[in-house]
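Just below is one structure, and these are the notes that go with it.
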Amino acid sequence: MNNSGKITVFLCLIISSMLLVSFTVNKIITSLSVKEKAVICAKSAISDIKAEYNTYIFEHYHILLFDKSCGGNGEAYLEEKLHNKMCEKMGEKAVVEQTAVTAFRYIYEEDCKPFKEQISDYLKYAAIENGVDKIVDETKGVDGTLSEDITDNIKTQGQMEKSAEENQIKDEGQSQNESKIGSGMEAEENPQGDKKEEDPRTYTANVGLVGIVNIIKPQDMEISGAYIDTSECFSKRQGGADSFVYKVNTRFNNCDDMLEDIKKHESWAGKLTSSGIGAVYAVNVFNCAVDTSVNETSVLKYELEYLACGKKSDAENLESTVDRIVLIRFPINYSYLIGDTVKMARVKQIATALSIATMIPEPAIETLITGCWSYVEAMADARVLLQGKKLPFTKSKESWITDIDKLGESVCEGKGSDSGMSYQDYLMILLSMNMDKTYYRMLDLMNINAQSVDCDFDIANGAVALTAEFIISYDGRKYYIKESGGY
């Protein structure tokens, strides 16, 4: 009997312990279940916010971002939306006491790192051809800059020019400006009684006055009149992405100036290779002067030109872009021309006549006339590109366009070909030269175009991720949840 009582007590203790353990385990399981559910609900609520991405930007640029201000309503409005979504998902038994968005990750953070990541993902997903490889193949990995020998020769002619100028001032008592080599004067008849030679630099001097685009644009090309207020652009708010003027001394009256102009775009091959992803992306999603059909709703029609030059109007961006393409072609043409004995023989004839008239050493004038002709050839190249045709990167006897004896007529004679480099290829080169500015200017265009359908949108509020914290009460217990989510 005593043993039976002891067994009963022992069994009661065992059962009580099991019930206590069971109750504790149940509490723990319930607690874990609530927390697990809260985590799942938090992730889902954040996903709902992400689902409200800007549809215009995604459809046109394949970039995901959401507006943290919810159309200008402010972050508090987004926080309230997130809170309501969390309450709905947790159900009536749980109380979401507090919701706080503690951090955002913006599309432009860390020098546009999130933007670059999405661009890279898109190019892989869309399987877009890497146009940079095509350019590298065409250029053989070089950028057409002058060799050291050519550069040294131009410097030498510049020194000869200065010496002759100093002698003229000393001997004739003339001012330095009056004795400038490129006064544009025509040569008098030479001692053999030949006719006067016209100075080809007179033509390029006039080009500088009227602008290249006005001379070379195709007849059927109507220049866009669109413009934007660049002072309000996002790139300016992020520290400024000012444009730069790439003008050339088109009088070709000074060897030092010519050398400085001809070297303005040197050494771009390495930049093109390292910045290729961004440039390829831009060419695929933005308009340009030879193709305005990429985005028919865009505010600016020459968008790639804006990315390259950053000016307020399509007309200004086109003019600056053409100037820069001419600067790319300038040294390439010069390098070829000095090796063409037939063409250089004609240059020498003109230089000889002008030297007699100006008392300036013939080699210096020959160098400047060569530069002048190379520049006009580059204008002809740009005209072909604006027609949507292609050009070989390096020149040959067959691909040379202009005639020095009729520059004004021959500049419009180029026909181009179906192979070589296109206008967009040259724009990719220009973009790669300063890709940091290009990324911010891409955001400018996205912002301006998205605002055309949603005036309250501002890319400065464009977020790609958020972090939120929640405090939830359930059955007398409180739970703290912190979750992040992004694209």
Taking first residues from region 351-362 that are in contact (Cβ under 8 Å) with a residue 24 or more places away in the chain and closer than 14 Å to Glu161 by Cα and second residues anywhere that are aliphatic (A, V, I, L, M) and outside any helix (DSSP H, G or I), the pairs with Cβ under 6 Å that are 6 or more apart or on different chains are Leu354/Ala187; Ile360/Ile181
Wholly inside region 213-300, helices (runs of 4 or more DSSP H) that include 1 or more residues that are of a type in the set (Val, Ile, Thr) and within 24 Å of Leu386 (Cβ to Cβ) are 255-262, 276-285
Pairs returned, first residue in region 92-114 that is touching a residue at least 12 places away in the same chain (Cβ under 8 Å) and within 17 Å of Tyr77 (Cβ to Cβ), second residue that is among the basic types (Lys, Arg) and open to solvent by less than 40 Å² (accessible area, probe 1.4 Å), beta-carbon separation under 7 angstrom, 6 or more apart or interchain, are Phe104/Lys68
**Asked** Can we say Phe244 is surrounded by fewer than 16 Cβ atoms within 10 Å (Cβ to Cβ) and within 15 Å of the chain's Cα centre (by Cα)?
**Response** yes
Filtering region 356-374 down to residues that are in a helix (DSSP H, G or I) and touching a helix residue (DSSP H, G or I) at 6+ places or on another chain (Cβ under 6 Å) yields Glu362, Pro363, Ala364, Ile365, Glu366, Thr367, Ile369, Thr370, Gly371, Cys372, Trp373, Ser374
In the set Glu413, Glu469, Glu483, Glu409, the lone residue that is out of contact with any Gly (no Cβ under 8 Å at 6 or more places or on another chain) and assigned to a loop (DSSP other than H, G, I, E, B) is Glu413
Checked region 376-390 for anything outside any loop (DSSP other than H, G, I, E, B) and either of a type in the set (Lys, Arg) or open to solvent by 10 Å² or more (accessible area, probe 1.4 Å) (or both); matches are Arg383, Leu386, Lys390
- Does His83 satisfy the condition of being closer than 20 Å to Ser484 by Cβ and of a type outside the set (Lys, Arg)? yes
For His83, the lone unmet condition from (1) under 26 Å from the mean Cα position of the chain (by Cα); (2) part of a helix (DSSP H, G or I) is (1)
Tell me yes or no: at least one residue of region 429-450 is touching a strand residue (DSSP E or B) at 6+ places or on another chain (Cβ under 6 Å), open to solvent by less than 40 Å² (accessible area, probe 1.4 Å) and more than 13 Å from Ala308 (Cβ to Cβ). no
Gly276 vs (1) over 16 Å from the mean Cα position of the chain (by Cα); (2) over 24 Å from Ile448 (Cβ atoms): all pass except (1)
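The values are calculated or read from the model by the stated rules, or taken from the named source; none is laboratory data. This structure is a prediction, so every number in the text was calculated from the model and none was measured. Heads up, the Cβs are rebuilt from the backbone with ideal geometry, glycines too, and the neighbour counts pull from every protein chain shown. Areas reflect the complete protein model, heavy atoms only, side chains present, ligands, DNA and RNA absent. Shrake-Rupley method; radii C 1.70, N 1.55, O 1.52, S 1.80 Å.
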